[in-house]
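Notes to accompany the following structure.
Coordinate-derived values only; no laboratory data. Given the structure is predicted, the values throughout are model-derived calculations rather than measurements. Quick reminder, even Gly has a Cβ in these numbers, built from the backbone with ideal geometry, and neighbours come from all protein chains shown.
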Amino acid sequence: MIKIKDMKTGYGDEVSFIFPDITLEKGKITTIIGKNGSGKSTLLKSIAGIIPYSGSLRVNDIEIMNLAPRERAKLVAYLPQNLKSVNIDVETLVEHGRYPWHGSMRRLSVKDRRIIDEALNITDMTNLKSKSLSELSGGERQRAYLAMVIAQDTPMILLDEPTTFMDIKVQQKFLSIIENLKNSGRGIAAVLHNIEQSFAISDFIYVLDDRKVASYGTPDELIKEEGLLRKIFGVTLRKSEDPSLLYPYETIK
Amino acid sequence: MKKTVLILSIILIAALVLALFLGNDAIGTGRILEALLGRGSVSENIIVFKVRIPRIVAASFCGAALSVSGYILQKDLNNRIASPGLLGINNGAGLFVLISAVIFPYQSGVKCLMAFIGALLVTFIVSLLSKGTGMSKTSVILSGVAISAVCVSVIDLIISLKPETVADKVAFQLGGFANVQINAVKFAVPVIIISLLISLVTASAMDIMALGDEAAIGLGLNVRLYRTVHILCAALLAGAAVSLCGLLGFVGLMVPNFIRLIYRGNSLGGLVLNMLAGAAFLLVCDTLARLVAFPYEIPCGLILSILGGPFLIGILIRKRKRLGLDD
């Protein structure tokens with residue numbers, strides 16, 4: 001579980017975002033939604049150690065600010081938004097996920113190998129493990145990188161806009177993998193742009209606006225908050241029983 | 001990988017043997033063997049142990065150093081035409097070598113240290129321009145060319161005002177091994193060996209950094225530390241090489257790009273192959289430089305420029321878009 005208290009963060013010396021109280025739980029999917037520039041990605045990057053912050057950030061009751069980078073990476077894995085198409089095969093990429101545990105010098109153990117195979121299996125990438133990343137489609141590459149962060153074997157996984165550039169079919173496959181990860185006990189925190197998708201997959205949602213948390217709660221709680229989504233996104237969300245819909249929500253202008 | 005290492009090792013050994021036994025000195029193969037076995041005359045011993053072997057050691061280590069320096073820079077800047085020559089690092093080192101020759105003549109250790117400082121200074125300027133300003137890859141190369149031009153102008157100025165600072169102006173500016181001194185080899189080679197070892201030990205960090213800074217930090221890599229170490233290594237290697245062979249260009253461009261064509265594995269393998277290929281390539285070029293205009297000798301850098309110019313144009317034309325030069 002990640003507990004954030006009085007986090008002040010931003011780019012450069014300027015404090016642009018203040019997050020007084022945020023909890024991201026294990027075994028749950030928490031999504032963060034908001035307009036561009038509201039601080040969604042900044043929040044995840046601060047947790048991952050990419051952007052400096054002040055305040056308290058505890059993972060499983062361990063204050064991680066002063067942890068060495070590799071120790072932090074044993075607790076929190078981070079999948080960035082922009083994934084590079086480097087010229088290495090999928091298996092090598094997934095092996096990089098074991099870096100926090102074995103460093104540069106040690107060879108992969110039997111346990112490492114088992115975790116890597118499992119990550120490839122969970123993401124359905126076993127058949128593509130010998131392929132170069134540059135030969136993969138965008139969705140396959142995203143899954144390959146997801147396998148890498150799964151192999152990191154952390155209690156919490158942070159995903160920064162993982163579905164933004166995927167077609168709908170690929171998105172569904174990706175989301176089902178996330179669901180399985182949650183069911184296996186991992187905590188997932190994801191920044192999403194699609195509100196319907198966020199409400200459909202989340203156990204808990206943080207809505208950011210104007211560089212701070214505007215509201216939070218379960219999807220059922222938030223949908224009842226009158227005017228919240230309209231004020232931020234200019235739309236309203238309504239629950240729907242229509243089985244032909246991709247997600248059980250309808251967006252109303 | 002193992003097969004490629006084996007082939008390159010055989011080529012390197014062949015290049016070493018040829019470089020040792022072929023030459024324009026008045027000494028035959030049999031006499032060289034006698035000298036190696038400790039039965040040579042005084043003049044033969046001088047030719048073999050004070051001229052030929054230091055030159056071979058210098059050429060092979062400079063080849064490995066410049067190739068690995070180019071490989072590291074290409075990885076760090078994510079730019080396949082980055083090389084210590086094109087980015088002005090060699091000329092930065094050369095400028096500081098000349099400054100040291102003016103202030104501390106005959107001090108090989110100081111020369112090596114100053115070359116490193118010059119190389120480091122230019123490397124950090126280029127790295128800052130690349131990472132700090134969000135400059136495009138093409139602009140970074142052009143900035144290197146501009147820095148290089150400034151360094152060359154100051155080098156020319158120093159040589160014009162103090163012609164005694166370099167024994168052979170043309171040889172220094174083109175680069176070569178005709179004037180290699182044993183003392184300089186004794187200072188530069190350990191620096192090259194240590195830098196190569198550090199590069200090998202930190203090779204896996206290069207692979208992780210290739211995924212981008214955010215992914216690398218997410219994996220727990222201390223990106224700032226490793227980037228600094230790699231830049232230091234690239235600068236040390238280029239600086240040490242320039243202190244031995246002058247402003248030798250194109251090795252750091254040609255060899256890493258050639259290795260890229262035959263090997264697509266991890267950085268550790270890339271570094272090993274660059275060391276072997278760089279050493280063999282520069283040995284062959286230097287042997288050619290000694291023999292091609294027999295009984296005269298041409299600067300090794302001349303051969304490299306003749307090969308390197310078309311090579312650069314070739315990769316620019318063939319891989320223009322893949323290199324990301326249109327950004």
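Worth a mention:
- Using only the C-alpha atoms, the convex hull of segment A:178-253 corresponds to 104 Å³ per residue.
- Total charge dipole magnitude, segment A:57-123, about the Cα centre, Cβ charges on Lys, Arg, Asp, Glu only, Debye to nearest 20: 200
- Label-point separation in nm, B:L161 to B:A293, each point 7 Å along Cα→Cβ: 3.0
- With Cα atoms, 0 to 90° folded angle of helix B:53-76 axis to chain B main axis: 10
- From helices alone, chain A scores -9500 deg cm²/dmol at 222 nm; the rule is -39500 (n - 2.57) for each run of n ≥ 4 DSSP H residues, then divide by the residue total.
- In chain A, the alpha-carbon atoms span a convex hull of 133 Å³ per residue.
- ³J(HN,Hα) computed for each position of segment A:96-103 - Karplus, 6.51 cos²θ - 1.76 cosθ + 1.60, integer Hz, glycine/proline x: 4, x, 8, 3, x, 8, 10, x
- B:F311/B:I103 FRET efficiency (R0 35 Å; Cβ-Cβ; nearest 0.05): 0.45
- Here each label is just a point 7 Å from Cα along the line to Cβ, and for B:F21 and B:K2 those points are 3.0 nm apart.
- Separation of alpha-carbon centers, segment B:1-46 and segment A:227-245, rounded to whole Å: 80
- Gyration tensor over alpha-carbon atoms, the protein assembly as shown, equivalent ellipsoid semi-axes in Å: 56, 24, 20
- DSSP-defined beta bridges in the protein assembly as shown - what % are antiparallel, rounded to 5: 60
- Rg and Dmax of segment A:1-89, both derived from C-alpha coordinates alone, stand at 13.7, 42 Å.
- Per residue of A:45-55, other chain Cβ atoms within 10 Å of the residue Cβ number 2 on average.
- Cβ charges +1 (Lys, Arg) and -1 (Asp, Glu), total dipole of segment B:2-326, debye: 680
- Amide H to amide H, with H built 1.01 Å from N, A:D209 comes under 5 Å of A:A214, counting only residues 5 or more places away or on other chains.
- Average beta carbon contacts from partner chains per residue of B:207-213, 10 Å cutoff: 5
- Fluctuation leader among B:G239, B:G85, B:G308 - chain B, Gaussian network, Cα springs under 10 angstrom: B:G308
- Listed residues B:V255, B:V229, B:V242, most fluctuating in chain B (Gaussian network, C-alpha, under 10 Å): B:V229
- Integer Hz, Karplus 6.51/-1.76/1.60 couplings in order for segment B:234-251, x for Gly and Pro: 4, 5, 4, 5, 5, x, 4, 5, 5, 5, 8, 10, x, 8, 7, x, 6, 4
- For segment A:41-176, a simple Cβ point-charge model (Lys and Arg +1, Asp and Glu -1, everything else neutral) yields a dipole of about 260 debye relative to the Cα centre.
- Square roots of 5 times each gyration tensor eigenvalue, C-alpha, chain B, largest first, Å: 32, 23, 18
- Candidates B:G94, B:G30, B:G175, ranked by Gaussian network fluctuation over chain B, Cα under 10 Å, top entry: B:G30
- Cα long-axis angle, helix A:110-122 against chain A (0 to 90 degrees, to the nearest 10): 40
- Computed from Cα positions, the angle between helix B:2-21 and the longest principal axis of chain B comes to roughly 30 degrees.
- Helix-only mean residue ellipticity at 222 nm for chain B, each DSSP H run of n ≥ 4 adding -39500 (n - 2.57), per residue, nearest 500: -24000 deg cm²/dmol
- Separation of the B:V150 and A:T164 label points, Cα + 7 Å toward Cβ, nm: 3.7
- Space enclosed by the convex hull of the alpha-carbon atoms of segment A:79-131, per residue, Å³: 99
- Sorted by Cβ neighbour density within 10 Å, fewest at the top, the residues B:F172, A:F165: A:F165, B:F172
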